[in-house]
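Here the structure is laid out as structure tokens; the discussion comes afterwards.
The values are calculated or read from the model by the stated rules, or taken from the named source; none is laboratory data. Everything numeric in this text was worked out from a predicted model, so none of it was measured. Positions of Cβ are backbone-derived with ideal geometry, glycine not excepted, and every protein chain shown enters the neighbour counts. Note: accessible area is taken over every heavy atom of the protein model, side chains too, but ligands, DNA and RNA are not part of it. Shrake-Rupley method; radii C 1.70, N 1.55, O 1.52, S 1.80 Å.
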Amino acid sequence: MKFSFFSFLFILFAVPFTCKADVPEPQVIRKQLILALEKKSLTDSLYNILSAEKNKSALNICYLGVVQALKAKHAWNPYFKVKYLNDAEKTLQKAVTAQPDNIEIRFMRFSIEHNVPGFLGYNKHLVADREEMIKQLNRKHYTTADESVVRTIIKFLIDSKRCTPHETETLHKQLAALK
């Protein structure tokens, strides 16, 4: 069964809601991203919060890119859909450049590119992101990702059918070791 990006976002980001500062903690942003999947107003609110942040961390730059992709999802005008996807692509690249070994950043870009129709040309980084995520998983270098995020990344990689048979076998073993 093929799982969509949005169902994985729900699994990945189903965490308690707490807020400490103007820009929420990653766990809060993850939860808000789930809700933003269906609420344009929350997408716009997250966009405003993340855009206004000065000195964004690489992870928050990534979240801004995800929100831009969500703005594309909510836009009805094809011009704005493409504009927001272009913005998301640039923003996600900036996050990857800032922290290339962050498995969560690579996962977010991979999952968006995996779900955007291929004919649009937003799938340039699928192989590089997959390879980097697998490398980090093999090294057990999860950066900002906790165990539930890692489990979700592994499941998504397996279900994406974009891995080699050897990679898939290794991912199944890693998933079993996490349970």
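So which pairs qualify, if the first residue must be in region 148-167 and touching a residue at least 12 places away in the same chain (Cβ under 8 Å) and among the basic types (Lys, Arg), the second must be assigned to a helix (DSSP H, G or I) and open to solvent by 60 Å² or more (accessible area, probe 1.4 Å), the Cβ gap must be under 6 Å, and the two must be at least 6 apart or on different chains?
If the second residue must be assigned to a helix (DSSP H, G or I) and open to solvent by 60 Å² or more (accessible area, probe 1.4 Å), no pairs are left.
Just checking, which of LYS81, LYS56 is closer than 20 Å to ALA145 by Cβ, of a type outside the set (Gly, Ala, Ser) and open to solvent by 50 Å² or more (accessible area, probe 1.4 Å)?
So the residue among LYS81, LYS56 that is closer than 20 Å to ALA145 by Cβ, of a type outside the set (Gly, Ala, Ser) and open to solvent by 50 Å² or more (accessible area, probe 1.4 Å) is LYS56.
For region 1-61, please list each of the helices (runs of 4 or more DSSP H) lying entirely inside it that holds at least 1 residues being at pLDDT 55 or above, more than 19 Å from LYS90 (Cα to Cα) and of a type in the set (D, E, K, R).
Fully inside region 1-61 and qualifying: 26-36, 40-52.
Which condition number in (1) crowded, with 23+ Cβ neighbours inside 10 Å; (2) modelled with pLDDT under 95 is the one that ILE105 fails?
(2)
Would you be able to say whether some residue in region 122-129 is touching a helix residue (DSSP H, G or I) at 6+ places or on another chain (Cβ under 6 Å), modelled with pLDDT of 95 or more and among the β-branched types (Val, Ile, Thr)?
Checked region 122-129: no residue is touching a helix residue (DSSP H, G or I) at 6+ places or on another chain (Cβ under 6 Å), modelled with pLDDT of 95 or more and among the β-branched types (Val, Ile, Thr).
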